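Coordinate-derived values only; no laboratory data. Since the structure is predicted, the reported quantities are computational estimates derived from the model, not experimental observations. Every residue, glycine as well, gets a Cβ built from its backbone with ideal geometry; the counts of neighbours run over all protein chains shown.
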């Protein structure tokens, strides 16, 4: 057989193989999504303030961690909401799809779920015992949306929760990316809320009628606003800049994404203000970690600025459900 036809056939076979692989690896088509006007209409009616402490379920990863739910419970109780409680399931960088699909591994499952707070999320939601479901997605958020179908999986978890507890409140906890993001940390926080958290994930999730209205815990927006307020005045005693909100390793290296106790306190304030529709100003700032040890506390001046920023941000966003 002449060499040229053989080479042509081999080349065609290679092209077909490459095309087949590209087809298999293609991102899924975008799910249906609500328009901005439809989203605005869904969030036009504020949530009523809870009458008592809520049982909350947190589903996510290490940007939930042990301390944020524990701090949120303590703050709720300090605000007069007796009986607040929580349970959770966490992983290392775990997507909501990984939590949903039982045949997908949850990285860090054993390490992240050692406390009595852990409960299987399906069993928890099917019990109908929870008043609030707090979901968050893995980061990088663009990868989560493209490869892990974030919006549809928020809808699946919300629908499961509402099937067993129709009045459950469902929240999407907005997080943040690494402080060394090439796009700029503050720029990314400014852009991701309208484009990704609200404009993609929430819009897709709420397009499913069974998901109902999903509200926002705007921790990323609070991080950005607090950073700007703090750094505009050159820092405060005990907190020089944004980087001091993040964990520090024994060798002094600063983590770029995981909060320390001060960062966790700021995020917990955002949770309690949103979950309970309350002004967090004046709440305590000396709290206990989930393991019962004393948390590192912000100074009174830092705590006051945190509380003011949280209240300003949460009231300004109708997606939180807080009345303006």
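Structure data summary
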item	result
Radius, Kirkwood style, for region 72-127 when every pair of distinct Cα atoms is counted (Å)	12.8 Å
Near-label residues of region 72-106 by backbone N, under 20 Å of a point 7 Å along Cα→Cβ of residue 288	72-88
Kirkwood Rh and Cα Rg combined as Rg/Rh, region 143-221	1.02
Between region 175-245 and region 267-299, the Cα center-to-center distance that results, in Å	19 Å
Candidates 273, 30, 253, ranked by Gaussian network fluctuation over the chain, Cα under 10 Å, top entry	253
Under the Debye formula (equal points on every Cα, no solvent term), log10 I(q)/I(0) of region 90-166 at q = 0.21 Å⁻¹	-1.02
Pairwise Cα inverse-distance average, inverted: Kirkwood Rh of region 209-324 (Å)	14.9 Å
Over the chain, relative contact order from alpha-carbon pairs under 8 Å, at least 6 apart, %	20 percent
Debye equation applied to the C-alpha atoms of region 44-151, log10 I(q)/I(0) at 0.11, 0.14, 0.18 Å⁻¹	-0.38, -0.60, -0.93
Most mobile listed residue (69, 105, 46) in the chain, GNM with C-alpha springs under 10 Å	105
Angle in degrees between helix 261-276 and the longest Cα principal axis of the chain, rounded to the nearest 10	90 degrees
P(r), alpha carbons of the chain - 20 Å bins starting at zero, rounded %	31, 54, 10, 4, 0
P(r) histogram, all alpha-carbon pairs of region 124-274 included - 10 Å bins from 0, percent	11, 36, 32, 17, 5, 0
Alpha-carbon centroids, region 72-135 and region 39-58: separation in whole Å	18 Å
Compactness of region 67-213, expressed as Rg and Dmax over alpha-carbon positions, Å	15.7, 44
GNM result for the chain, Cα springs below 10 Å: residue of 224, 268, 110 fluctuating most strongly	110
